[in-house]
Each structure stands twice: as C-alpha cells, then as structure tokens.
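Presented below is the structure to which this report refers.
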Amino acid sequence: MKVRARDPKQVWQLWKEEFEAAPARDDGLETSTISGIPLQPLYTSSDLAEREEELPGQFPYTRGIHPSGYRGRLWTMRQFSGFATAEETNRRYKYLLANGQTGLSVAFDMPTLMGQDSDAPTSRGEIGHCGVAIDSLADMETLFEGIPLGNITTSMTINSPAAILLCMYIAVAEKQGVPAAQLGGTLQNDILKEFIAQKEFIFPPAPSMRLVVDSIEYCAREVPKWNTISISGYHIREAGSTAAQELAFTLADGMAYVDACIERGMRIDDFASRLSFFFDAHIDFFEEIAKFRAARRIWARWMRDRYGAQDERSWKLRFHTQTAGVSLTAQQPELNIARTAIEALAAVLGGTQSLHTNAMDEVLALPTDRAARLALRTQQLLAYETGVANTIDPLGGSYFIEALTDEMERQAEAYFKRIEELGGVIPAIEASFFQKEIADAAFRYQQELEQKRRVVVGVNDFTVGEEEHIEILRIDPKLESQQVARVREVRANRDQARCSNALVRLRKAAAGTDNLMPYILEAVRAYATEGEIMNTMVEVFGLYTERAVI
Amino acid sequence: MPANTAVRPVRIVLAKVGLDGHDRGVKVVARALRDAGYEVIYTGLRQTPEMVVDAALQEDAQVIGLSIHSGAHMTLFPAVVQELKRRKATDIVVFGGGIIPDDDIAALKQKGVAELFTPGTPLQGIVDWLRKRFPQGAA
Amino acid sequence: MVEKRDPSVRALGEALTDRAKAYVVGFTGAPGTGKSTLVDALVTLLRKLDRSVAVIATDPNSSFTGGAILGDRIRMQRHALDPKVFIRSMGARGHLGGLSLAARETIRLLGAFGFDPVIIETVGVGQSELEVAAVSNTTVVVLTPNLGDGVQMIKAGILEIADVFVVNKADLEGHHRAVTELRSMLSLSNIPGSPKVWKPPIIATSAARQEGIEELWAAVEAHRKYLTSTGRAERLAADRLKEETAEVAAEIARERVRQALVEDPALTERLLEKGTPYATAEEILDRTR
C-alpha cells in the first residue's frame, strides 16, 4: 500500500483508483449474476445494511432455523428416484437405504403425475420412463414392500393427484400396521407452481386449491407429522426464471396457500409449521446462498407480522433443495459431477434441511446405479470430509453475501407488490403474468449463451470434437405391457360393488363442500385406480387449459 | 435478417407431444424462429400425434417441430411420421428436440424424423438447418 | 403469384365459388377481452347446431422479420380432431397486401369446402380491426366491463365498424355500468346524416361460462337478415369484389415492378440517377408482358 490512510472513504477511493487503473479482462463475459443482478467488483462494510445482530434459531432466521445448525443434525440426504415398475423401484430403494441414504423420495412416471392409468391411450410410450408407474394401491404395496413405513420418511413428488397418492401411502401403512399419526414425510402437493411453471395441471385453479386445502386440513387432524405441501421454486427455476423470481413466486404461492387455509377457517398455527419449501440450487454460487437466506427472512416476517402467527415454528421456513437439472450438460457429462458438487455446497451453506444431488447422467436419461451412488457420495463428501458443516452459516457477515441477501429480499418484495396489484396469485396466473416473466428470463439467458456473454463449459466453449459414449439406463419396453396387464388385473379382481360405491360417494362429495380426503381414502382402499378416481373428480371439476404465452 | 417479403414465410407447427409440461425449450425455440422470419404455430401441451398432424394440415405448414422431455420420443415421434403417411402428407418435414440419447437419434432418423436437436444446441443451429432445408422460403 | 400458392388451388377456389358462399363473422377487440374464449364458445354452440365452422385466427403482432408466433389454436383445443371445425392461424405481415387479401382467399376456399360460417378473429390493435371489418359480413366488437378499453375503441374508430357489441366477462363486477356507458357513447357517435340504420345491439356474455352465446348468435343472424332484406348484402358483396380486384391488381403491379428493378439493372440505374419513381413505374407497367 502506498499510503497509510485511516479514513475508510479515502482507503476505498485509493482501491477504486487502483482497480480502475488495472487492466480488465476482455473476454466479453457478463459480470452480473446468472439472473442478471449487477455485481460490484468488491463489497465492503459500507454495503451492509444497519440491522440488529442476526443469529441462527432466532427471528428472522436469516442464519438458519436451528440454533445448532448442522452441529445438531446434518441435512437429510434424500435422493429422488423411481423408474419402471414398483418392483424395480422397490429394489432401488432398498439399495439406496443400504448405502446410507436416510429418506426416500418417490419419482412417479408421467401418466401417474397426470392422473391417468397405464392403459389409457395417451400413456403409450410414457410408462415407467420418468419415474415409477403407480395405478392403484396394489402398486403402492409393492413399492414399499419390506420397507417399514414407521421407520423412514418419504417424500412424494406429485401434485394434481397428490391427495390420491397420499391416501395410497396411508393405506399401505394401515396394512403394515402403522397408524397414520406415526407417518412422516412430504407431499409436494403444490398446484400453483404447476399453473406457473411445470404445467402438470388437471383441474381449474379453484377446485385444485380446494384439494390442496382438503389435504392440509385432513393431515393437521390425522397425519400431524406429515409435511402437507412442499411449495416449490425448483420447477419455476428450471422453467427458466431468475433466482429472484424463483424466490418471489414461491413465497407468493406459499402465502396464497396460507390465505386459502385461513379462508377455510383454519388457525394459522395449526398448519403453518407443516408447510415446507423446495428450492433449486443453481450454478451461480453466491446468488443461491443469498436466495436461501433471504427466503427464511422474508417468510418469518410475513408469517409473524402479516399473518400474526404466534407459534415460532410457523415462522420457520424449512426447505429441501435439489441441484439444478438445467445446469447439467449432455456434453462431457462428467462435468456434471463438478457442477453438482458446487451447487450442493451452495445449498449446504444456505442451510438446507434436505438435499438431492443430481446424477451426472440425468440429463440423458434416468440415472444408472453407479451414477446415483456417485451423486449420493458427493453429499457424503460434503458432510464428512470438507468440514463445511462445522460452523453455522459460515458466510454470515460477508459483505457480499449480506448485500446480495438484501437485494434478493428487495426484488422479492417488489414482485409481491406486483402480484398483489394483479389481484393475487390465481388472477396473476390467469393473466399469464408468471408465465410471461419466466419465458422472458429464459429467452434472455438463451440469448446470452448464443452471444457467448455466458459460458457453459463443454457446450458453447471448451468443447471436444468427439463426445464419449456413456452408459445410460434403458427402460425395457416390455414393462409397459406388464404394467398395463397389471392394472387390468387389479380392476378385474377387486370387490366391484365396494369400488363403484366409493366412487359414487366421492362424486357426490366433490359436488358438495365436504373434505374429500376420507372419500378418496375409501376409494383407494377399494382398489379404485388413480385414473378412475381422477376421472370421477374431472366429471365434477372440469379440465383446465392454459392460454399460451410465449 | 428480415425475410424477403415477396416470399411466403415457411410455416412451422411446434408441438409438445407426450404428457410432460416442460415448455421452456419449445418456447425459446418459438421465439428464435419467429425472429428468424418463420411463422410459428404453437399448439400447446399434450398433443397426440393425430392432433399434431391435423394442425399441420389445417395450417398448411411445411414443417412440424416436436418437443418432448418425458422419454416417450421413441413412441411418439415415429407415430407422428406414421400419421403423416396415413394422411398422405409426407411432404411435411418433421424435426424433434428434447432429451434424446445418441442411439435413439439414429433410430429416429431411420424412422423418418429429419433432424433431432438435443439440449445445448444453439438456436442458430436450428435456424441454419431450416434455411438449408427451405432456402427459398415456402414452396 | 399473389401468395406464391399453387395457382391451381386458386383456380379451384374460384371455380367452386358460388359468390360469398360462407357468411363471415369478424371478431375484434383489445387484448385480454377474451375473444378466443368467446370464439371457442361460439364454435361449441355452432357445432351443437351441426354447422361446419372455420376459424381464421389472425395475429398482427408479428415481428419486423416477418415471423410470427401464432398460439390461438390452444384456446380451441376442445375442437381438435373434429373434422367439422377448421382452424387456420394467420400472421398478418407474412402475407402480401396485408391481412385482408390473404384472408379473402382463404375465406373463399373454406366456403368452397362447405364451411359456413367462417369466423375471423383479430386483436384490435393498429389497422387489423379495419381489415377484419373489410372482409366480414358482421363485425363483432368485444369489450370488457372495465371500459378503459372504451376510450381506446373510440380513438381507433372501432365503434363505426361494429355491427354487434359484446361486453364479455359479464360475470365481472361493473358490467351493467359498462353496458350503459357504451349505450350512451353509441348515441353520441351517431353522426347526423350517417346512413347507419342498423342499431348495433349490445350483448352481455360470459364466454368462460358459455353464457350469452346464443344471444350473440341471434344478434349475428339478425344482422344478416337486415343485410339481406335491405339489399345491402348484395351491394356489399359487389363493392368488395371490386375492391379485392383492385388490391390484387396492385399486388401484381407491385410484384412486376420489383421484378423489373431486379432484372433490368440499366433501368434501375436510370431510376437512381434521375430519381423519377412515377415515370419509371409507368414505364415498367406499360411494357407488354
């Protein structure tokens, strides 16, 4: 240093002059975050907002919801998996549990996600591809055969037909002799983000919301340890949103569910602590950490100050994280191991409660056993080798991280205002507000790639001529006909009278205002198929088609 | 590059076949093709092969672009080609995009899909391919 | 030549034409008024009446490159695979001579193939609503209860082209007020001496709930009867045929001039030197082909 200056402004000025005098890289790359937030080359104490000391386990939980962070308990390593038939997936689950995984996470195939049976004409070619095919309670029994549901927690990624799959899980537990009150796990059950981003909607928004509230209300009474909803930013982000949009739209969805439950007459503290969240961990390291921290702070404030929740547990935003599927590349797929490790680290430094790390081949197809194990090992390496779990919120107090956390919060609040001006989340969906914002962001990013203002290694730079052929998992096409035969067999061999009675009662209830969960549970117990139960409700609720906004 | 106004723009039906709702890619492609001077008719989600071909015929499209992310491409892409044959409209060119492994690409081309674009394809690559295929605009 | 379409197709269209075979109903209105949903609801009604319906969905919001994204089919998904519903999307700038010329040809063909009525739909921005009115027998202007769009409409001169008004989204608050406001606006706009004997009715609809659609169709039918009984239908058809001929001629001329300027460098050079567009144009058009 040339002078020993004391005045902070003067020192800063000196740095600035030296910075500007130094030659800058001329690679033409963006210096903003991947979401387009402009970044300073340096952050200092002057970028910190005035605020009281924040501590983990204390409102507003910016630094974490547990006073002991990962010192008390590590995050749950929860690898999302499921493919082909229930038998095959059951084998994979046993393999993962034997390898040290601590919770299950079920991926369903497209027909199951869209509420249709394997023998529906539009299920052709889709069975068992993106996850496991579940048509009825019989498949669910096979899926968890030999896995005691009282001892594990299970996450189920399903939305429009979520209530049906939850009932199937409860019914399997009944058969195992495990009471519903003992069951732990998470149901994604987040229909709003389906309308916004993932588009796996079936009913129009109003009856869809009714089903969500029905399940929340029912679980508050009967399955109190169950996380009734996993309010998801993951799909919003994967659809191309920015980090701030992911944050804002997800929390806005969360508030919409809270509003709906309150409207039903529930007390906020009776259900708010069972709401959970699900975020993406994208490749822009610091931006992601800031996003997670901001999410906790915003949620705590809104729950306490706007909704008047009294119970501290209602203020705490708990979340699951998955590393970003969209960041993976088919080119030089081994690079995905490195990407996933960095994203997973961001999730951990952001204080996630549970984590899924993507397998390197997931961009090509379903992961092979080997790739799935590598992904899990990446988490174990983070937890047990690197030492990052030893200190709580290790980046707290970083000028940069704190400033970025504040910026995230500011952008989210600005979005809340716009959503409110549009009349709330559902009117904003109907006006295609979210869809347009996301499509714009996705297009902007794609253009940045095309103009090489951003680099994706192996894709638009550092490419290799000949890509190595990697082994991928294939779904045996025979499984399709087996699954079709299976659902037909279930239909042929059940107690028909009991089944059709259950469906008639469900239709009546759907036309009224009763909570539909007990009716769905009864239909499930009677081995009504998922498609039959959905179609019964479609007769009453109708189907939704969206206005396409490009 | 503005398209020559004396030439009728090539019309492209873009469709999401299969049950998945991942429309990020197809929407980005739609914008890029529009900006390259093409008329894009977007049919939305969950189109069956019959619906796609019907739309292409009604819209007098020269090209069908299919997008899928659910893994059902080996069933649905050839089904579109078959349906075109059945409706005697084999002059309509079919291309596809999505998560499609290399081996499947070869098999699909053999079954009559003209070209396949996988994640990471630059948008310009799709535009260049179309320009080569339709140098004079619509026939 | 006009559309670079196979001339035999046009010949076919003209041969099959039994002059204005299809009745053409135009729909226009500001973005977000629910036109597509309304048209979809009307198609549903017409199918119940066992009519074959064609819909031409136009989108004038094409990019400067001539490209366009046309997404209106999605709104009419429930009619997919119904052979008696034909949906055709059109990007206005992709066609020579703007929308109306291309639309007329398409309408003629659709009519020849037995589609009746033909519904043509456009977003009411720029000139497109005037172009739609120019090809329609009955023009329906769609508004919503928040009559903010009312002011827009007057500015665009759209009130003058309306044969039927629809206040859509009648389930929203304030639609009574909207209807009243519109009524008073209409009485003001009735300029003395204007030959407007037909008083455009105002229909309240809720397309999403399929309400008011039968009333809307009745209004269209009433307007159709009015046109026929007063002899206006025939006059209109004759005027339009003449107008279309002039437009086609203009297009042919335009194309000939463009071609000549490409193929005759000497001529182009003279033009650039002297700066005489009129003389050059006449020279080209005077050449025998």
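Any read-out appearing in this document is the output of simple, stated calculations on the displayed coordinates, not a laboratory observation. Quick caveat, the model's predicted, so the values are computed rather than measured. When we count neighbours, we look across all protein chains shown, and the Cβ atoms used for this are built from the backbone with ideal geometry, even at glycine.
Answer rounded, prolate or oblate for the stretch A:75-145, using the Cα gyration tensor with square roots of eigenvalues a ≥ b ≥ c: rounded when a/c is under 1.5, else prolate when a/b is larger than b/c, else oblate.
In terms of gyration-tensor shape, prolate.
Which residues in the stretch A:466-484 have a backbone N closer than 15 Å to a point placed 7 Å from the Cα of A:ARG91 along the Cα-to-Cβ line?
Residues passing the 15 Å test: A:473-480.
Using only the C-alpha atoms of the stretch A:275-424, find the volume of their convex hull and express it per residue in Å³. Could you put the intermediate results ahead of the total?
Details: hull volume 21.7 nm³, N = 150.
Dividing the Cα hull volume of the stretch A:275-424 by its residues yields 145 Å³.
In whole angstrom, note down how far apart the Cα centers of the stretch A:166-187 and the stretch A:513-550 are.
20 Å
List the extent of the Cα atoms of the stretch C:242-286 along each of their three principal axes, largest first, rounded to whole Å.
37, 18, 14
Give the separation of the Cα centroids, the stretch A:64-89 to the stretch A:199-215, in Å.
The two parts, judged by their Cα centres, are 27 Å apart.
Within 10 Å of each Cβ of B:119-126, how many other protein chain Cβ atoms are there on average?
Neighbouring Cβ atoms belonging to other protein chains average 4 per residue here.
I'd like the Kirkwood hydrodynamic radius of the stretch A:472-518, using the inverse of the mean 1/r over distinct C-alpha pairs, in Å.
13.5 Å
For a 31 Å ceiling on Cα separation, which of these pairs sit above it: B:LYS132/C:LYS242; B:LYS27/C:LYS21; A:LYS94/A:LYS436; A:LYS193/A:LYS225; A:LYS436/C:LYS169; B:LYS27/B:LYS109?
B:LYS132/C:LYS242; B:LYS27/C:LYS21; A:LYS94/A:LYS436
When the expected Rg is taken as 2.2 N^0.38 Å, what fraction or multiple of it is the alpha-carbon Rg of the stretch A:147-432? Intermediate values should be presented prior to the final figure.
On the way: Rg = 18.8 Å, N = 286, 2.2 N^0.38 = 18.9 Å.
Ratio of Rg to 2.2 N^0.38 Å for the stretch A:147-432: 0.99.
So what is the diffusion coefficient of the stretch A:231-331 in µm² per second by Stokes-Einstein at 4 °C and 1.567 mPa s, using a Kirkwood Rh over Cα pairs?
92 µm²/s
What whole number of Å gives the distance from the Cα centroid of the stretch C:232-289 to the Cα centroid of the stretch B:109-124?
The stretch B:109-124 and the stretch C:232-289 have Cα centres separated by 43 Å.
Return one number: the angle in degrees, 0 to 90 and rounded to the nearest 10, between the long axis of the Cα atoms of helix A:285-301 and the longest principal axis of the Cα atoms of chain A.
70 degrees
What's the local net charge at A:MET303, with K and R +1, D and E -1, over the other residues with C-beta under 14 Å away?
+4
Please report, largest first and rounded to whole Å, the three semi-axes of the ellipsoid equivalent to the stretch A:209-267, where each semi-axis is the square root of five times an eigenvalue of the C-alpha gyration tensor.
Working through the eigenvalues yields semi-axes of 25, 12, 8 Å.
Considering chain B as a Gaussian network with a 10 Å cut-off on Cα pairs, which listed residue, B:GLY125, B:GLY25, B:GLY112, attains the greatest mean-square fluctuation?
Result for chain B, Cα springs under 10 Å: B:GLY125 fluctuates most.
Can you tell me the Rg and the Dmax, both Å, for the Cα atoms in the stretch A:432-517?
25.8, 64
Per residue of A:249-262, what is the mean number of Cβ atoms on other protein chains within 10 angstrom of that residue's Cβ? Don't skip to the answer; put the middle values down first.
Details: counts 0, 0, 0, 0, 0, 0, 0, 0, 0, 0, 0, 0, 0, 0.
Going residue by residue through A:249-262 and averaging, the value is 0.
How far, in nm, would the chain grow between A:ARG51 and A:SER68 when pulled straight, counting 0.36 nm per residue and subtracting the alpha carbon separation?
3.9 nm
As an exercise, use a Förster radius of 41 Å and the Cβ-Cβ distance of C:TYR226 and C:LEU285 to find the FRET efficiency, rounded to the nearest 0.05.
Plugging the Cβ-Cβ distance into 1/(1 + (r/R0)^6) gives 0.45.
I need the shape label for the stretch A:1-145. Rule: rounded when a/c is under 1.5, else prolate if a/b > b/c, else oblate, with a, b, c from the alpha carbon gyration tensor.
The shape class here is prolate.
Take the Cα radius of gyration of the protein assembly as shown and divide it by 2.2 N^0.38 Å, with N its residue count; two decimals is plenty.
1.02
How tilted is helix A:478-493 with respect to the longest principal axis of chain A? Cα atoms for both, answer in degrees (0 to 90, nearest 10).
The angle comes out at about 50 degrees.
Kirkwood hydrodynamic radius (Cα pairs, Å) of chain B?
14.9 Å
Is the stretch A:405-550 best put as rounded, prolate or oblate by its Cα gyration tensor, with a ≥ b ≥ c the root eigenvalues, rounded for a/c under 1.5, and otherwise prolate when a/b is larger than b/c, oblate when not?
Oblate, because a/c is 1.5 or more while a/b does not exceed b/c.
Rg over Rh of chain A, using C-alpha atoms and the Kirkwood radius, what does it come to?
With Rg and the Kirkwood Rh in hand, the quotient comes to 0.98.
Please compute, for peptide A:120-130, the average count of beta-carbon atoms on other protein chains lying within 10 Å of each residue's beta-carbon.
That works out to 6 on average.
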